Amino acid sequence: MNWAQYFSPEQFYINYIADDRFVTYILGGLKTTLLITFFAVLLGIALGFLVGTVRSTYDKTGRLKILNGICRVYLSIIRGTPVVVQLMIMYYFIFATPDASKVVIAILSFGINSGAYVAEIFRSGIMSIDQGQFEAGRSLGFNYRQTIWYIILPQAVKNVLPALCNEFIALLKETSVSGFIALQDLTKGGDIIRSRTYNPALPLLTVALVYWIVVTFLTAMVGRMEQRLRKNEKR
Amino acid sequence: MADTKKEIKTGEPLIEVKGLCKSFYGNEVLKDITTTIKKGEVVFVVGPSGSGKSTFLRCLNLLEQPTGGEILFEGTNILDKGVDVDKLRRKMGMVFQQFNLFPHMSILKNMTLAPVKLLGVPEAEANKEAEALLERIGLLEKRDAYPGQLSGGQKQRIAIVRALMMKPDVMLFDEPTSALDPEMVGEVLTVMRELAQEHMTMIVVTHEMGFAREVADRVMFLDGGDFVEEAPPGEFFTNPRSERLRSFLSKVL
């Protein structure tokens, strides 16, 4: 087998230029991938914040027992099953209608999935704050909610920010299973080119390279943010 | 220093503790403690570690939930259901062994957060009050610093004035100098001494016997959860009645 045949100038032409394939499938797919990731991240933060707060409130005070139970079921289901299965159930079973937007379903699925992981990150952040901070807040007269809001969360969020960002970078890669509901994200886009040009190398390697560039860029940003946080560390 | 305009009527009971009990999982930490703290009184609580003195203090503002007895604060039994514990705690300042300043806030913010959010004091006014208190303890130049930039002694002095910002009726001190390097103990005791001279009601859990002797109106001795005896400091240190106190004093003096 001669791998060089896949990288000839004609191959570049038919995989990238012909039918605007690079623009339609690679750039268009990337746009969809970023769109899904972005809104899934927002949903994941909102859900994870709520669930994480409920869970740590239960851990700390024993209150919200029923809500905590519901949250645990949610965490168990989401973390105990593959995200691609969740996505397919969402699309084929729960929404089971051709009118539903695939992008919206993907955002919901990945957001709900990410929320479970974010929740545990938030919870660990809240639990990592010294009990003395709670007591200082309560002894000044703040109630539980105010103490969490003014005193615990700002410190907890700062502590978990890097872990949170890494979770979102992982999410970006996880959206690559969107093709299972025939959604044209970056991965599916590359796969479509492959199926049209019969070139198993160029389109898929291109897809990999684009993911790598985006992930490396984001990772570098997180690294810089971590450094900045450490510099601000005034403890 | 707290609120010099406040009229101090010494002698009226501020906190009445009746038969206070506390156990953790069947382990009795406080056994039937009864005492009265009067307005303007400075009460020191001493005893060996594990004697329950910190637990006693923490029961007074319900950081620990007592398992029995009554605590009357300004006439209300704070263990009654329906008592707003959060409101009550605003009147009881607390200073911790580990300072517990909020590391993500500047010193000024540490001090003004509670009065602004809880008492509705306008921020400018709270800032002014905070600066006046900082000036009194000689730390005005630290107003924009963060807790991590301060020494232990400075942190603890800030913690004291932070509690004073709520204009409490009583100040609870839980081993305020135990986490300090020896050379920093003095500066914290100076602030506490000034407070006592201004007739702030104070309850102090400490191992600083010399300070207790100097500042206290009354010293309570707890041992193994029992309230063994209490006396004015002169009598307490020179003429202990019980064998348990004698043996304790012989170890610490």
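The values are calculated or read from the model by the stated rules, or taken from the named source; none is laboratory data. Values in this document were obtained by computation on a predicted structure and should not be read as measured data. Virtual Cβ from ideal backbone geometry, glycine too; neighbours counted across all protein chains shown. Keep in mind that these areas ignore ligands, DNA and RNA; they rest on the heavy atoms of the full protein, side chains included. Shrake-Rupley method; radii C 1.70, N 1.55, O 1.52, S 1.80 Å.
Condition (residue is more than 9 Å from every other protein chain (Cβ to nearest Cβ), in contact with a strand residue (DSSP E or B) (Cβ under 6 Å, 6 or more places away or on another chain) and open to solvent by less than 40 Å² (accessible area, probe 1.4 Å)) applied to the stretch B:123-136: is it met by at least one residue?
No, the stretch B:123-136 has no match at all.
Being in contact with a Leu (Cβ under 9 Å, 6 or more places away or on another chain), within 14 Å of another protein chain (Cβ to nearest Cβ) and free of Cβ contacts under 8 Å to residues at least 24 places away in the same chain narrows it down to one residue among B:Leu113, B:Leu118, B:Leu88; which is it?
B:Leu113
So B:Phe211 fits all but one of (1) away from chain A (no Cβ under 14 Å); (2) closer than 28 Å to A:Gly141 by Cα; (3) of a type outside the set (Asp, Glu); (4) open to solvent by less than 60 Å² (accessible area, probe 1.4 Å); what number is the exception?
Result: B:Phe211 fails condition (2) only.
Limited to the stretch A:102-142, what total is found for residues that are within 11 Å of the chain's Cα centre (by Cα) and small (Gly, Ala, Ser)?
5
For the stretch A:69-120, give me each residue that is more than 18 Å from A:Leu47 (Cα to Cα) and touching a residue at least 12 places away in the same chain (Cβ under 8 Å).
A:Val84, A:Met88, A:Tyr91, A:Tyr92, A:Lys102, A:Val103 - these are the residues of the stretch A:69-120 that are more than 18 Å from A:Leu47 (Cα to Cα) and touching a residue at least 12 places away in the same chain (Cβ under 8 Å).
Determine whether B:Met111 is modelled with pLDDT of 95 or more and assigned to a strand (DSSP E or B).
It is false that B:Met111 is modelled with pLDDT of 95 or more and assigned to a strand (DSSP E or B).
Tally up the residues in the stretch A:1-48 that are open to solvent by 50 Å² or more (accessible area, probe 1.4 Å) and of a type in the set (Gly, Ala, Ser), please.
Summing the residues that are open to solvent by 50 Å² or more (accessible area, probe 1.4 Å) and of a type in the set (Gly, Ala, Ser) in the stretch A:1-48 gives 2.
List the residue pairs whose Cβ atoms are under 8 Å apart, where the first residue sits in the stretch A:121-139 and is away from every other protein chain (no Cβ under 14 Å), the second is open to solvent by 10 Å² or more (accessible area, probe 1.4 Å) and among the aromatic types (Phe, Trp, Tyr), and the two are 6 or more positions apart or on different chains.
Hits for this filter: A:Phe122/A:Phe49.
Looking only at the stretch B:173-190, count how many residues are open to solvent by less than 10 Å² (accessible area, probe 1.4 Å) and either assigned to a helix (DSSP H, G or I) or under 16 Å from B:Asp217 (Cβ atoms) (or both).
Total meeting the criteria: 2.
Counting just the residues of the stretch A:152-192 that are of a type in the set (Val, Ile, Thr) and closer than 17 Å to A:Gly223 by Cα, which one comes out modelled with the lowest pLDDT?
Looking only at the stretch A:152-192, we keep the residues that are of a type in the set (Val, Ile, Thr), and these are A:152, A:157, A:160, A:169, A:175, A:177, A:181, A:187, A:192.
Checking which are closer than 17 Å to A:Gly223 by Cα leaves us with A:157, A:160, A:169.
Working: A:Val157: 89, A:Val160: 92, A:Ile169: 94.
Selected residue: A:Val157.
Could you look through the stretch B:60-85, keep only residues that are closer than 26 Å to B:Ser178 by Cβ and within 13 Å of another protein chain (Cβ to nearest Cβ), and pick out the one that is surrounded by the most Cβ atoms within 10 Å (Cβ to Cβ)?
Applying the filter and picking the extreme gives B:Asn61.
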